[in-house]
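Please read the structure below before turning to the comments.
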Amino acid sequence: MPDDDLPRDPTPPERATDVDKQDPATPDSSPEPEASEVESARLLANQARSELGAEGFSDQRIDELASEFIARDIGEGLEEFLRWARAEGQLPQGSGEIF
């Protein structure tokens, strides 16, 4: 990792470090997929939308999670995404909203 003193995920997924996808963490935004990854994120969100939507996830949250999943190269495939998305939750971290 570079010596730039910026906050980084202390335990990044192994795949993320293999392809150097650990951009500095910014508290007010989620990682965004690169231009070449946008379509993959959109397709993944669409594949997961009916299942996660039935569990209470909003369309916007599903899109955000899919973008982050692809941008950080967290895993591969729908099943990995569904498990990860459920662990991340329905609300963006730090939103302060409670259901």
Practice item. Can you work out which of the residues in region 62-99 that are crowded, with 17+ Cβ neighbours inside 10 Å and polar (S, T, N, Q) is modelled with the highest pLDDT? Key: S67
Study note, to complete from the structure: Among (1) at pLDDT 65 or above; (2) open to solvent by less than 40 Å² (accessible area, probe 1.4 Å); (3) not polar (S, T, N, Q), K21 falls short only on (1)
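Residue under question is G56, and the condition is that it be open to solvent by less than 50 Å² (accessible area, probe 1.4 Å) and either modelled with pLDDT of 90 or more or not polar (S, T, N, Q) (or both); does it hold?
Taking the combined requirement at face value, the residue satisfies it.
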Revision key, fill the gap. Within region 29-50, residues being open to solvent by less than 80 Å² (accessible area, probe 1.4 Å), of a type outside the set (A, V, I, L, M, F, W, C) and in contact with a helix residue (DSSP H, G or I) (Cβ under 8 Å, 6 or more places away or on another chain) number 6
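The values are calculated or read from the model by the stated rules, or taken from the named source; none is laboratory data. In this text the structure is predicted, and so the values were computed from the model without any measurement. Methodologically, a virtual Cβ is constructed for each residue, glycine included, from the backbone with ideal geometry; neighbour enumeration extends over all protein chains shown. The accessibility values were calculated without ligands, DNA or RNA, using every heavy atom of the protein model including side chains. Shrake-Rupley method; radii C 1.70, N 1.55, O 1.52, S 1.80 Å.
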